[in-house]
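Below: the structure, in structure tokens.
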Amino acid sequence: MDTRAQTPQDFAVGVSVLLVTIIGVLAFVQGSAVGVYESPDVQRNQPIADRAATYLVENHSVDGTRNLVRYNTSGGINASLNADSPNLDGLRDNAGLDVATERRVNPRVNVTVVNASALKAGTRDPAVDGHGQRLAWGPSVDGRTNVATASRVVKLTNSTDQCDAVCWLVVRVW
């Protein structure tokens, strides 16, 4: 009769399978186990970036089209953002982004139109219109960390070569 108990190898294999299963479940549960290490600033500002991007596309799109944004026309995104303050206060007011409290300041917002060819090349440099103007509004994001980003794929009306097929409307909030 064999009276041998569990061997150390059996125990090690069993514990390893259990740990891999638990880690796998935690990694794929909503909110993810890795999400706790993300900056609280990004988590707090992500809905604000999404709201701003949605507002811009919905309010500057050509009626009856999807994501075809009026660019250089009356009521277009270029005229609207160029007429705004350097900190895009009008966009923040109109899109309902002001969330200041006694302990929290209003977010800073940057809007950029990025050409698909720039994305393919691995950069997020702003597109340039026919007059040499960079399609970027608001304070610069250079050197900033913990920036929440929302992107929308758009086409621009009245544009020359800004978009190779499509552009991305990128809204960054910090």
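Numbers below:
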item: Residue ID - surrounded by the most Cβ atoms within 10 Å (Cβ to Cβ), chosen from residues in segment 90-130 that are in contact (Cβ under 8 Å) with a residue 24 or more places away in the chain and among the hydroxyl-bearing types (Ser, Thr, Tyr); result: Thr112
item: Long-range neighbours under 9 Å by Cβ, at least six apart or interchain, first residue modelled with pLDDT under 75 within segment 1-29, second of a type in the set (Lys, Arg) and surrounded by 10 or more Cβ atoms within 10 Å (Cβ to Cβ); result: none
item: Unmet criterion (only one of (1) within 21 Å of the chain's Cα centre (by Cα); (2) over 14 Å from His60 (Cα atoms); (3) buried (at least 18 other Cβ atoms within 10 Å of the Cβ)) for Asn146; result: (3)
item: Wholly enclosed helices (runs of 4 or more DSSP H) of segment 49-129 bearing at least 3 residues touching a strand residue (DSSP E or B) at 6+ places or on another chain (Cβ under 7 Å) and under 25 Å from Gly143 (Cα atoms); result: 116-120
item: Near pairs, Cβ below 6 angstrom, 6+ apart or cross-chain, from segment 131-146 (touching a residue at least 60 places away in the same chain (Cβ under 8 Å) and in a loop (DSSP other than H, G, I, E, B)) to any residue that is among the polar types (S, T, N, Q) and surrounded by 10 or more Cβ atoms within 10 Å (Cβ to Cβ); result: Asn146/Ser39
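The values are calculated or read from the model by the stated rules, or taken from the named source; none is laboratory data. Since the model is a prediction, treat every value here as computed from it, not as a measurement. Ideal geometry is used to build each Cβ from the backbone, glycine not excepted, and the neighbour counts take in all protein chains shown.
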